[in-house]
Amino acid sequence: MFRSVNNAAKRVNVRSFTTATNPAATQWSKFFVATAAATGLSASYLLYKDTASAMTDAEHGMHPPEYPWSHNGIFETFDHRAIRRGFHVYQEVCAACHSLDRVAWRTLVGVSHSVTEVKAMIEELEYDDEPDDEGNPRKRAGKLTDYIPAPYANEQAARAANSGALPPDLSLIVKARHGAADYVFALLTGYPDEPPAGVVLPPGSNYNPYFPGGAIAMGRVLFDGLVEYEDGTPATTSQMAKDVSVFLNWASEPEHDERKRLGLKSMILLSTMYLGSVWLKKFKWANIKTRKITFTPPKK
């Protein structure tokens, strides 16, 4: 028994002796760590002090200004009259080159048009149907569940009709561009009469400072009085650009209004639950939590 106790004491002494720190070694280790950290920071600064960029500021395009859109507020929704006018501008101007592959006709119902109006727009359209018994292709009338047809059958046809340039699909253009609706509005209204001095454009391109590189295949398409609004709104260039920007913003984010409604409901519900929990904690559980329980043993 005494031998085992003695052996345990020796092991403890050996362990305590081997784990003892050497002050000189500790100082040297701290010195090496500090030197390595300083070397790494200096190397990082020398390597990354000059930010490398593959494009110049002009090639990135001018940053669009921020416009006071009516739907930018926390509790604000889209202007549905502007969505209706913007869709009219898209049909009359943009639909000749640009598609809306991800927008179905049914999404317009209750937002900018009624069911009758949408059905009237698609009743003359034809869509591919299942082949007949002999394998011949057939056509059918459009339905609400169909998507807005593209102006070209494929990418090759689109490039051939636009001198090699491919008009982008506008379904998600607002989300796909830095600046969102600000970029679309600035691009549509940013065509100068003449390019700045010294700017050389490729053949068949136009100058727009908001487009990356400044050279864009699409020329100016909006002019005063180009369309006629059914509600009597003056069809100025800025008005048409604003309306089509709002429409494309809605096309990129059709859940916008419903998301804000659900967010408001969630805030009200969570705030009510939080205030209720505070009241329950303060007036119901505070006395139970802070009470003192003492035990008085019975006297013998």
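The table that follows gives values for the structure above.
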item: Failed item in (1) open to solvent by less than 90 Å² (accessible area, probe 1.4 Å); (2) among the hydrophobic types (A, V, I, L, M, F, W, C); (3) in a loop (DSSP other than H, G, I, E, B), with VAL246 passing the rest; result: (3)
item: Residue, least open to solvent (accessible area, probe 1.4 Å), within segment 85-103, restricted to residues that are free of Cβ contacts under 8 Å to residues at least 60 places away in the same chain and closer than 14 Å to PHE247 by Cα; result: ALA95
item: Pairs where the first residue, in segment 207-227, is without any contact (Cβ under 8 Å) to a residue 40 or more places away in the chain and the second is open to solvent by 40 Å² or more (accessible area, probe 1.4 Å) and among the hydrophobic types (A, V, I, L, M, F, W, C), C-beta under 8 Å, 6+ apart; result: TYR207/VAL199; TYR207/LEU201; ALA215/LEU201
item: Residue under evaluation THR236, criteria (1) surrounded by 14 or more Cβ atoms within 10 Å (Cβ to Cβ); (2) touching a residue at least 60 places away in the same chain (Cβ under 8 Å), criterion not met; result: (2)
item: Subset of segment 68-102 (residues that are closer than 21 Å to ASP182 by Cβ and part of a helix (DSSP H, G or I)); result: HIS80, ARG81, ALA82, ILE83, ARG85, GLY86, PHE87, VAL89, TYR90, CYS94
item: Selection within segment 152-165 - closer than 19 Å to VAL93 by Cβ and either surrounded by 15 or more Cβ atoms within 10 Å (Cβ to Cβ) or among the basic types (Lys, Arg) (or both); result: TYR152, ALA158, ASN162, ALA165
item: Complete set of residues in segment 114-146 that are polar (S, T, N, Q), out of contact with any helix residue (DSSP H, G or I) (no Cβ under 8 Å at 6 or more places or on another chain) and within 28 Å of GLU230 (Cα to Cα); result: SER114, THR116
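Residues are listed down the side, and each one gets a yes or a no for (1) hydroxyl-bearing (Ser, Thr, Tyr); (2) under 30 Å from the mean Cα position of the chain (by Cα):
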| position | (1), (2) |
| --- | --- |
| GLU155 | no, yes |
| LEU172 | no, yes |
| TYR183 | yes, yes |
| GLU194 | no, no |
| GLY198 | no, no |
| ASN206 | no, yes |
| VAL227 | no, no |
| ASP231 | no, no |
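So that you can scan it fast, the table gives a plain yes or no per residue for (1) in the same structural domain as GLN239 (by the TED database); (2) of a type outside the set (Phe, Trp, Tyr); (3) within 26 Å of PHE223 (Cβ to Cβ); (4) in contact with a Lys or Arg (Cβ under 9 Å, 6 or more places away or on another chain):
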| site | (1), (2), (3), (4) |
| --- | --- |
| ILE122 | no, yes, no, yes |
| ASP128 | no, yes, no, yes |
| LYS139 | no, yes, no, no |
| GLY164 | yes, yes, yes, no |
| HIS178 | yes, yes, no, no |
| SER205 | yes, yes, yes, no |
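Quick grid of which residues meet (1) touching a Ser or Thr at 6+ places or on another chain (Cβ under 6 Å); (2) basic (Lys, Arg); (3) farther than 21 Å from ALA104 by Cβ:
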residue	(1), (2), (3)
LEU170	no, no, no
LYS175	yes, yes, no
PHE185	yes, no, yes
GLY190	no, no, yes
GLY198	no, no, yes
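The values are calculated or read from the model by the stated rules, or taken from the named source; none is laboratory data. Just so we're clear, the structure is a prediction, and the values are computed from it rather than from any experiment. Note that we place each Cβ from the backbone using ideal geometry, even for glycine, and neighbour counts take in every protein chain shown. For accessibility, only protein heavy atoms count, side chains too; no ligands or nucleic acids. Shrake-Rupley method; radii C 1.70, N 1.55, O 1.52, S 1.80 Å.
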